[in-house]
1. To make sure I understand the rule: partners must be lysines, Cα under 18 Å from the Cα of Lys26, and not fewer than 8 residues away in the same chain. Which ones qualify?
2. In nanometres, what is the gap between the two model label sites at Ser173 and Asp210, each 7 Å from Cα along Cα-to-Cβ?
3. Once you charge only the Cβ atoms, +1 for Lys and Arg and -1 for Asp and Glu, what is the size of the charge dipole of region 110-166 about its Cα centre, to the nearest 20 debye?
4. How much length would be gained if the chain were fully extended between Asp187 and Lys141, taking 0.36 nm per residue of separation minus their Cα-Cα distance, in nm to one decimal?
Amino acid sequence: MHGGPHIVSDVMTQTVAAIGRGASFKEIVRMMHDWKVSALPVLEGEGRVVGVVSEADLLPKEEFRDSDPDRYTQLRRLSDLAKAGAVTAGELMTSPALTVHANATLAQAARAMAHAKVKRLPVVDDLGMLQGIVSRADLLKVFLREDEDIAEEVRREVVSYLFPAPASAARVSVRDGVVTLGGRIRDASLVPVAARLIRAVEGVVDVEFDVSEHGRSSESAPAPSSHGGEDAAPS
C-alpha cells in the first residue's frame, strides 16, 4: 500500500503562544486570555520546551486564597499548595513537558493526550525545540475529510489489494464517514482484514458490510460487527 496515516505536522498549529521561565502569574493569565488557550509551553534558550503551564497549575492560587488548609490537606496536596504560592512560570510549570514529535501519527498523539489527560501537546524536534502545538480539535480535523476522498482511498489502498477484479466485484460507498463495502468477493475470510484496514483510513467513522462470496449467499459471509472490538483503530 502506498498511503500512510496522517502525522502531527499535517494538522498542528505552527503559530504558538509561549512564555519564558520568568513570566509572571498575571502575564500568564493575560496571555491565556488573549490567545484563548488553556495551556502555554515554557521555553528557555533559543526555544527549547522545558515545561507547560496550564489553567490547572494556576487554579490553586484562587482555591487556597482565603483558606487555611488542615494538616491532612497540606500533606495530600503539597504540590498544589506550592503552586498556590508560586508567582512565575518556572515555579508553576509542569516539568518535564509532555511533548510529541512532528512525525508522530495522529493515533500516537491521541493516545498520549488520553493517557496524560491533557488537551494539547507542544510539538518539538529532536533537540526539544518548539515546532508547533497540536490540540484535540486538531486531531479531529481528519473527520472533515470528504466522503468521496475517503472512498477513493479505500478503493485504492484496500479493495484493490484484497479484492482485485475480475475475481471480485466489490463496491465502496461512503456517507458521513461511514464506509459500506458491498458486492461479491472471492474470499469472505478477508472481510475482518478489510474491516481493520478500512478503519485505519483517516476520516473513517465506521464500517459496514453487504457482501457475498462467489457461490455463497450474503448470509454466509462472516461480516464483523461494525462497532468497536479489537479491529477498531484508535481515533
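1. List returned: Lys36, Lys61, Lys83.
2. Here the answer is 0.5 nm between the modelled labels.
3. Computed charge dipole of region 110-166: roughly 480 debye.
4. Details: separation 46, 0.36 × 46 = 16.56 nm, distance 3.46 nm.
Residue separation times 0.36 nm, minus the Cα-Cα distance, leaves 13.1 nm.
Quick note: the coordinates plus some simple rules give every number you see, no bench work behind them. Nothing here was measured: the structure is a model prediction, and the numbers come from that model. Here Cβ is always computed from backbone atoms with ideal geometry, including for glycine, and neighbour counts include all displayed protein chains.
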